[in-house]
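J.: Sharing a structure here in structure tokens format.
The values are calculated or read from the model by the stated rules, or taken from the named source; none is laboratory data. These figures come from a predicted structure and were not determined experimentally. Backbone-built Cβ (ideal geometry, glycine too); neighbour counts: all protein chains shown.
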Amino acid sequence: MENILLDVRGLKTYFHISLGVVRAVDGVNLCVSKGEAVGLVGESGCGKTMTAHSIMKLVPSPPGFIEEGEIWFRNTDLLRLGEQEMRKFRGREVSMVFQDPMTYLNPVMKVGKQIAEVLVSPTRDRTVIKLLESVGIPDPLKVADQYPHELSGGMRQRVLIAIAMANDPPLLIADEPTTALDVTIQAQILDLIKTIKTEKGTSLLLITHDLGIVAEMCDRVYVMYAGKIVESGDVFSIFEEPLHPYAQGLLRSSLSIAEFRENLETIEGTVPNLLDPPSGCRFHPRCPMAMSVCKEKEPSLIQEKPGHEVSCWLYEKDGRDRNHS
Amino acid sequence: MAKDGSVKSYILRRLLHALPLLLCVVVFNFTLIHMAPGDPIQSLIGEFPAPEAYVEAMRSAFGLDKPLYVQLWLYITNILKGDLGFSFYYRQPVLAVIVERVPATLQLMIPAVLFSALAGLLLGIFSARKPYSLSDNAISSFALLGYCLPIFWLGQMLMLIFSIKLGWLPSQGIKTLGAELEGFKAFADRLSHLFLPALALSIRHVAINVRIMRSSMLEVSYEDYITLARSKGLDEKTIVARHMLPNALLPVVTIIGLDIGFLFTGSVLVETVFGWPGIGRLMYESILKRDYPVLMGTFLITTVLVVLTNLIVDLIYLWLDPRVKYGRK
């Protein structure tokens, strides 16, 4: 499709540590079309952030290595680019907003300078002030001359967004952009990202564990579990009828729905250790509907409905035949 | 900004805080030196059999017959008047004896500090660029060795190799005695004399700085703001120079400041080995001669210098790190 901006195919990012190989991202496929907002959801430690870092080729290496896959940005496979060519993509074609605004700004450098250094245009000073204005920072002249520690968390996140949007990149990756912020500030930052997206037509890959944010911001969503995509589809379809037991669990445990219930539902257990992931379907130890086949074989991603894919034995023909154990 | 005003009051407060510290150092040194075995009068007279009356006269002339606490009191009050005492051996005011030696010590220490800082930082940065590579391992091994070698042994070895075997550099003193040199030749002569002692004095500190700088650079390289810098598409050189270095320098500056005190210790050995006419050798000679006033004077001066350098380091910190603010809130 011509409309596709980012197409990740079979991405595998492994970390080689002394205890063995951590398969942080294990065969992820995802794509983002022009002007589309795509959510990537999952629990902490499921490989969302590493997927994003892999797209930017920012995986700390060693110990991390992108082992396999293709990352097509328009007509270029980013994984085939050398470091020098990749630099031209970062900040210009693909930008990233990070999770913790407190630690992502250089503490000993003035804010204005940190924005200016990413700009390609020659009229630097004017653009820095304009950028600060465009992300809703009051008194941009003053803020440009301040150090990060003099700003609040929300302001810093605005500065990080200004840095990411400095060169109007076609794709913005936002990695849990509001997790570290107060609830009221969260809404403001999400509004800002939304405004930028509609005004500039930027495509968005939004990484989050908050389904509420996905519902509000995204057109399509990928559900990730233990390094793999387990379900994908448009937001309505997934929220209305989640197919994978993990996605169902996530929705049930989401706070906005649970408010109306007496108890907050949880998914039992924790994300598996990616050094030694469970056999078969990686969710089977926590799955309320696990069957014997789930332990033995890995389900493939099948299209259950148009545009709605799931990787679960419940929906595979021969899987259902084998029945519950 | 009100920053300048608060810096001034900060300096003033720091200097005031230094006073009780200096008093403690004076009392401690005085007590320690006077409790040590040995008698200054005996060491002045030497083996020569002197009449008892003469010894007693000397003792009372220097005030050594008074009780210790009286001597201490007199010493402290004299210091407050700017009088560091009178040297038994040189027969001169202590201050004059020390002041005469200060230029030589500075001439040795300043190049040593600069060299150890510069070489340490550069090697540390280079080492951290490719951790555990051949060059990193080579530099780290050198640093370990440099840290372990005793200064007096290293000084003698350098002298043995470069002065005696190879004959490239002079082995003793601060300049060629008796030679009337001018202009560049005089400078070159001083430089050739400086080379070995400064090297012997700084190797250990180069080693320390390399290790600290390396680990500081590595630590900083994992910081989130370095990931941001990379995500901006900046090249490695810019990331190292603009983002890593200013942050990695902070702990190193502290260490370099602390090191200055240890450099004084080192200079006692180096100046003794290389016959360098500075405070270090004066200290060593005064111990041998039991020249208490001079010894206490050198201790006091070095303490003052260490306190001052630490203050300077803290002020450099203020300039390097915008998060640091001194002064009352």
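J.: For segment B:59-83, name all the residues that are aliphatic (A, V, I, L, M) and in a helix (DSSP H, G or I).
T.: Step one: list which residues in segment B:59-83 are aliphatic (A, V, I, L, M), which gives B:61, B:64, B:68, B:70, B:72, B:74, B:76, B:79-80.
Those that are aliphatic (A, V, I, L, M) and in a helix (DSSP H, G or I): B:61, B:68, B:70, B:72, B:74, B:76, B:79, B:80.
J.: Can you confirm whether residue A:30 is surrounded by 24 or more Cβ atoms within 10 Å (Cβ to Cβ) and in contact with a Phe, Trp or Tyr (Cβ under 6 Å, 6 or more places away or on another chain)? It would help to see each step written out before you state the result.
T.: Details: surrounded by 24 or more Cβ atoms within 10 Å (Cβ to Cβ): no; in contact with a Phe, Trp or Tyr (Cβ under 6 Å, 6 or more places away or on another chain): yes.
Answer is no for this residue.
J.: Would it be correct to say that residue A:114 is in contact (Cβ under 8 Å) with a residue 40 or more places away in the chain, in a helix (DSSP H, G or I) and either crowded, with 22+ Cβ neighbours inside 10 Å or more than 17 Å from the chain's Cα centre (by Cα) (or both)? Steps first, please.
T.: Numbers: in contact (Cβ under 8 Å) with a residue 40 or more places away in the chain: yes; in a helix (DSSP H, G or I): yes; either crowded, with 22+ Cβ neighbours inside 10 Å or more than 17 Å from the chain's Cα centre (by Cα) (or both): yes.
Yes: the conditions hold for residue A:114.
J.: May I ask you to say which residue of A:193, A:185, A:189, A:163 is within 12 Å of chain B (Cβ to nearest Cβ) and either within 24 Å of residue A:37 (Cα to Cα) or not hydrophobic (A, V, I, L, M, F, W, C) (or both)?
T.: Values: A:193 fails: within 12 Å of chain B (Cβ to nearest Cβ); A:185 fails: within 12 Å of chain B (Cβ to nearest Cβ); A:189 fails: within 12 Å of chain B (Cβ to nearest Cβ).
Answer to the check: A:163.
J.: Could you list, in sequence order, the residues of segment B:305-322 that are in contact (Cβ under 8 Å) with a residue 24 or more places away in the chain, in a helix (DSSP H, G or I) and over 20 Å from the mean Cα position of the chain (by Cα)?
T.: Narrowing segment B:305-322 to residues in contact (Cβ under 8 Å) with a residue 24 or more places away in the chain: B:305-307, B:309-318, B:320-321.
Going one step further and asking which of them are in a helix (DSSP H, G or I), we end up with B:305-307, B:309-318, B:320.
Once the filter is applied, which keeps residues that are in contact (Cβ under 8 Å) with a residue 24 or more places away in the chain, in a helix (DSSP H, G or I) and over 20 Å from the mean Cα position of the chain (by Cα), segment B:305-322 yields B:318, B:320.
J.: Within segment A:89-106, take every residue that is at the interface with another protein chain (Cβ under 8 Å from one of its Cβ atoms) and either part of a loop (DSSP other than H, G, I, E, B) or surrounded by fewer than 17 Cβ atoms within 10 Å (Cβ to Cβ) (or both) and give me the one that is farthest from the chain's Cα centre (by Cα).
T.: At the first step, the residues of segment A:89-106 found to be at the interface with another protein chain (Cβ under 8 Å from one of its Cβ atoms) are A:89-92, A:95-96, A:98, A:100, A:103-106.
Then drop every residue that is not either part of a loop (DSSP other than H, G, I, E, B) or surrounded by fewer than 17 Cβ atoms within 10 Å (Cβ to Cβ) (or both), which leaves A:91-92, A:98, A:100, A:103-106.
Numbers: A:91: 17, A:92: 19, A:98: 10, A:100: 14, A:103: 19, A:104: 17, A:105: 20, A:106: 23 Å.
The qualifying residue farthest from the chain's Cα centre (by Cα) is A:106.
J.: Looking at residue A:132 and the list (1) part of a helix (DSSP H, G or I); (2) within 14 Å of chain B (Cβ to nearest Cβ); (3) touching a residue at least 24 places away in the same chain (Cβ under 8 Å), which single condition is not satisfied?
T.: With respect to (1) part of a helix (DSSP H, G or I); (2) within 14 Å of chain B (Cβ to nearest Cβ); (3) touching a residue at least 24 places away in the same chain (Cβ under 8 Å), residue A:132 is out only on (2).
J.: Same structure again: So which residues in segment B:234-280 are small (Gly, Ala, Ser) and either in contact (Cβ under 8 Å) with a residue 40 or more places away in the chain or crowded, with 21+ Cβ neighbours inside 10 Å (or both), if there are any at all? Steps first, please.
T.: The first filter runs over segment B:234-280 and keeps only residues small (Gly, Ala, Ser), leaving B:241, B:248, B:257, B:261, B:266-267, B:275, B:278, B:280.
Correct list: B:248, B:257, B:261, B:266, B:267, B:275, B:278, B:280.
J.: Between a residue in segment A:73-96 that is over 16 Å from residue A:172 (Cβ atoms) and in the same structural domain as residue A:52 (by TED's automatic domain parsing) and any residue that is among the polar types (S, T, N, Q) and assigned to a strand (DSSP E or B), which pairs come within a Cβ distance under 9 Å, given they are 6 or more apart or on different chains?
T.: Close Cβ pairs satisfying both conditions: A:85/A:76.
J.: Out of (1) more than 24 Å from the chain's Cα centre (by Cα); (2) in contact (Cβ under 8 Å) with a residue 60 or more places away in the chain, the odd one out for residue A:109 is which?
T.: Among (1) more than 24 Å from the chain's Cα centre (by Cα); (2) in contact (Cβ under 8 Å) with a residue 60 or more places away in the chain, the lone unmet condition for residue A:109 is (2).
J.: Hey, can you tell me all the residues within segment B:1-56 that are loosely packed, with under 11 Cβ neighbours inside 10 Å, modelled with pLDDT of 75 or more and of a type in the set (Gly, Ala, Ser)?
T.: The answer is B:53, and nothing else.
J.: May I ask you to say which residue of B:192, B:202 is of a type in the set (S, T, N, Q) and surrounded by 15 or more Cβ atoms within 10 Å (Cβ to Cβ)?
T.: Values: B:192 fails: surrounded by 15 or more Cβ atoms within 10 Å (Cβ to Cβ).
Every option except B:202 fails the conditions.
J.: Here's a follow-up. Look through B:213, B:217 and report the one residue that is more than 14 Å from chain A (Cβ to nearest Cβ) and within 30 Å of residue A:173 (Cβ to Cβ). Reasoning before the result, please.
T.: Numbers: B:213 fails: within 30 Å of residue A:173 (Cβ to Cβ).
Going through B:213, B:217 in turn, just one is more than 14 Å from chain A (Cβ to nearest Cβ) and within 30 Å of residue A:173 (Cβ to Cβ): B:217.
J.: Now, a different point. Being within 13 Å of residue A:5 (Cα to Cα) and outside any loop (DSSP other than H, G, I, E, B) is the filter; apply it to segment A:73-88 and report the residue that is farthest from the other protein chains (Cβ to nearest Cβ). Even if it seems obvious, please write down each step before you answer.
T.: Our first condition is that a residue be within 13 Å of residue A:5 (Cα to Cα); within segment A:73-88, this holds for A:73-78.
Keeping just the survivors that are outside any loop (DSSP other than H, G, I, E, B) gives A:73, A:76-78.
Working: A:73: 14, A:76: 15, A:77: 18, A:78: 13 Å.
The residue in question is A:77.
J.: So which residues in segment B:122-176 are farther than 30 Å from residue B:251 by Cα and outside any helix (DSSP H, G or I)?
T.: Result: B:166, B:167, B:168, B:169, B:170, B:171, B:172, B:173, B:174, B:175, B:176.
J.: Scan B:270, B:253 and give me the residue that is more than 30 Å from residue A:90 (Cβ to Cβ), in a helix (DSSP H, G or I), within 14 Å of chain A (Cβ to nearest Cβ) and under 16 Å from the mean Cα position of the chain (by Cα). Give the derivation first.
T.: On the way: B:270 fails: within 14 Å of chain A (Cβ to nearest Cβ).
On inspection, the qualifying residue turns out to be B:253.
J.: Select from segment A:65-100 the residues that are closer than 16 Å to residue A:119 by Cα and not β-branched (Val, Ile, Thr) and list them in ascending order.
T.: A:87, A:88, A:89, A:90, A:91, A:92, A:93, A:95, A:96
J.: Got a number for residues in segment A:37-72 being away from chain B (no Cβ under 14 Å), modelled with pLDDT of 90 or more and under 14 Å from the mean Cα position of the chain (by Cα)?
T.: 6
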